[in-house]
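The values are calculated or read from the model by the stated rules, or taken from the named source; none is laboratory data. Note that the structure is predicted; figures quoted are calculated from it, not measured. Cβ placement follows ideal geometry from the backbone for every residue including glycine, while neighbour counts extend to all protein chains displayed. Ligands, DNA and RNA are stripped out before the accessible areas are found, and what is left, the full protein with its side chains, is counted by its heavy atoms. Shrake-Rupley method; radii C 1.70, N 1.55, O 1.52, S 1.80 Å.
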Amino acid sequence: MLQDLENNFSELEKKILALQKNYKNLTERLSELSIEHEELKVKYDEERRKNQVLAEEQKNIKLYSAISGNPEHNRLMKNHINRLVKEIDFCIAQLQNSGL
């Protein structure tokens, strides 16, 4: 009976050691993944900013092309002018409402 208890204790000790080793490995992996996650977030934000800059540049190129008379972008130019006119009208209405 004592031998059975010792065997059971030995088995439990082995399992505990295996669990501790597993836990240590998992915490190390979590740490590695956390670092990788932060690096990827920084990279994502940087790429998103680059994408926004490129989109703005593309928009400006189309606008400049429309201004220079490229018939492909006439509609873009008309929409841009209409948007600016609406903004100006809105500003004028706000000025009139504020009493200036």
task = Have a look at Ile16, Thr27, Ala93 and report the one farthest towards the positive end of the charge dipole of the chain, computed about the Cα centre with Cβ charges (Lys/Arg +1, Asp/Glu -1).
result = Ala93
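Using heavy-atom solvent-accessible surface (probe 1.4 Å) with all chains present, what is the largest-first order of His37, His80? All intermediate terms of the calculation are to be shown ahead of the outcome.
Numbers: His37 100, His80 40 Å².
The residues order as His37, His80, largest area first.
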query = For the chain, what does -39500 (n - 2.57) per DSSP helix run (n ≥ 4), summed and divided by total residues, give at 222 nm, in deg cm²/dmol to the nearest 500?
reply = -34000 deg cm²/dmol
request  = Consider a paramagnetic label point 7 Å from the Cα of Lys59 along Cα→Cβ; state which residues of region 72-94 have an amide N under 16 Å from it.
outcome  = 76-87
query = With every protein chain in place, what's the accessible area of Leu12 (1.4 Å probe, Å², nearest 10)?
reply = 100 Å²
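Go through Val85, Val42 and list them by solvent-accessible area, largest first, probe radius 1.4 Å. List each step's numbers first, then the result.
Numbers: Val85 70, Val42 90 Å².
Final ranking, largest accessible area leading: Val42, Val85.
If r is the Cβ-Cβ distance from Asn79 to Lys24 and R0 is 41 Å, what FRET efficiency results, to the nearest 0.05?
On the way: r = 61 Å, r/R0 = 1.49.
The formula returns an efficiency of 0.10 here.
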message = Going by Cα centres, region 65-100 and region 25-50 are how many Å apart?
response = 43 Å
message = Only Cα pairs within less than 10 Å get springs; with that Gaussian network setup on the chain, which residue of Asn51, Asn74, Asn22 has the largest fluctuation?
response = Asn22
request  = Ignoring everything but the protein chains, give the 1.4 Å probe accessible area of Arg48 in square angstrom, nearest 10.
outcome  = 110 Å²
task = Take the Cα atoms of region 1-68, build their convex hull, and give its volume per residue in Å³.
result = 55 Å³
